[in-house]
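J.: Have a look at this one before I ask anything.
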Amino acid sequence: MQMNDQRDINAPRAEVWAALLSADVLKECVPGAQEVTGSPEEGFEATVVQKVGPVKATFKGQVSLTDMVEGESLTLSGEGKGGAAGFAKGEAKVRLEDIPDGTRLIYDVEAKVGGKLAQLGSRLIDGFAKKMADQFFENFQSVVEGPADEGSEVAEAEGTDEASKKKGWFGRLKG
């Protein structure tokens, strides 16, 4: 199964890049993630619980980052084993581009499953894989941008420090 899409993220490219390399951000973004540990250099280990149709499984697996061009592109490759449920593996090629309001994240994803999961049928699996990818990148955008902060416009008008506070994960990290 292959899919591609893009997201416009209201954050500088350097912040989006740093978020892609953060185990904490990845844990917040991967649907069903129970644990994500590791580093970009050595790869990440993850435990993810997911239900696909009638099959619920805990996947334990690794994610590696390759083909990294600082601030521009990388490839996320992962493989997880879900015991009797089977396995899932995939690869996402991610590119970042500057846009007037922040960063455009463009991704191409290829995913494969085997075992009991593969017996569920390609339409169910393809729909699930697309939903997972969309949910990951939607979560990623929300985490990087942070919650909408209506008070910041008022604070900016009043000249208070509230306007300068970061809303997303980067601000929480620095704060």
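J.: Take the stretch 82-112 and flag every residue that is among the aliphatic types (A, V, I, L, M) and under 15 Å from VAL49 (Cα atoms). Walk me through how you get there before you give the answer.
T.: First, pick out the residues of the stretch 82-112 that are among the aliphatic types (A, V, I, L, M): 84-85, 88, 92, 94, 96, 99, 105-106, 109, 111.
Those that are among the aliphatic types (A, V, I, L, M) and under 15 Å from VAL49 (Cα atoms): ALA84, ALA85, ALA88.
J.: If you scan the stretch 68-82, which residues turn out to be part of a strand (DSSP E or B), modelled with pLDDT of 90 or more and over 18 Å from GLU110 (Cβ atoms)?
T.: MET68, VAL69
J.: Here is a check on your reading of the model: is GLY78 touching a helix residue (DSSP H, G or I) at 6+ places or on another chain (Cβ under 8 Å) and among the small types (Gly, Ala, Ser)?
T.: Details: touching a helix residue (DSSP H, G or I) at 6+ places or on another chain (Cβ under 8 Å): no; among the small types (Gly, Ala, Ser): yes.
Against the criterion (touching a helix residue (DSSP H, G or I) at 6+ places or on another chain (Cβ under 8 Å) and among the small types (Gly, Ala, Ser)), GLY78 does not qualify.
J.: A follow-up question, please. Report yes if GLU70 is within 18 Å of the chain's Cα centre (by Cα), surrounded by fewer than 16 Cβ atoms within 10 Å (Cβ to Cβ), touching a residue at least 60 places away in the same chain (Cβ under 8 Å) and more than 17 Å from GLN2 (Cα to Cα), otherwise no.
T.: Working: within 18 Å of the chain's Cα centre (by Cα): yes; surrounded by fewer than 16 Cβ atoms within 10 Å (Cβ to Cβ): yes; touching a residue at least 60 places away in the same chain (Cβ under 8 Å): no; more than 17 Å from GLN2 (Cα to Cα): yes.
It is false that GLU70 is within 18 Å of the chain's Cα centre (by Cα), surrounded by fewer than 16 Cβ atoms within 10 Å (Cβ to Cβ), touching a residue at least 60 places away in the same chain (Cβ under 8 Å) and more than 17 Å from GLN2 (Cα to Cα).
J.: Also, I was wondering about something else. Quick one: in the stretch 34-57, of everything that is of a type in the set (Gly, Ala, Ser) and surrounded by fewer than 18 Cβ atoms within 10 Å (Cβ to Cβ), which residue is farthest from the chain's Cα centre (by Cα)?
T.: GLY53
J.: Would you point out the residue of the stretch 124-151, among those that are of a type in the set (Gly, Ala, Ser), modelled with pLDDT of 80 or more and surrounded by fewer than 20 Cβ atoms within 10 Å (Cβ to Cβ), that is farthest from PRO31 (Cα to Cα)?
T.: Only one residue tops the list, namely GLY146.
J.: Condition check: within 13 Å of the chain's Cα centre (by Cα) and polar (S, T, N, Q). Does SER77 satisfy that? Can you show your working first?
T.: Working: within 13 Å of the chain's Cα centre (by Cα): yes; polar (S, T, N, Q): yes.
Here the answer is yes, as SER77 does meet what is asked.
J.: Within the stretch 83-123, take every residue that is in a helix (DSSP H, G or I) and out of contact with any strand residue (DSSP E or B) (no Cβ under 7 Å at 6 or more places or on another chain) and give me the one that is surrounded by the most Cβ atoms within 10 Å (Cβ to Cβ). Full working, then the answer.
T.: Going through the stretch 83-123, the residues in a helix (DSSP H, G or I) turn out to be 83-85, 115-120, 122-123.
Now restrict to residues that are out of contact with any strand residue (DSSP E or B) (no Cβ under 7 Å at 6 or more places or on another chain): 84, 118-119, 122-123.
Values: ALA84: 8, ALA118: 14, GLN119: 12, SER122: 11, ARG123: 8.
Residue satisfying both the conditions and the ranking: ALA118.
J.: Moving to a separate point now. Residue by residue through the stretch 15-44, note down the ones that are free of Cβ contacts under 8 Å to residues at least 60 places away in the same chain and touching a helix residue (DSSP H, G or I) at 6+ places or on another chain (Cβ under 9 Å). Steps first, please.
T.: Step one: list which residues in the stretch 15-44 are free of Cβ contacts under 8 Å to residues at least 60 places away in the same chain, which gives 21, 23, 26-27, 32-44.
Result: LEU26, GLY32, ALA33, GLN34, GLU35, VAL36, THR37, GLY38, SER39, PRO40, PHE44.
The values are calculated or read from the model by the stated rules, or taken from the named source; none is laboratory data. Quantities reported herein were computed from a predicted structural model and do not represent experimental measurements. Using ideal geometry, Cβ is built from the backbone for each residue, glycine included, and neighbour counts are taken over all protein chains shown.
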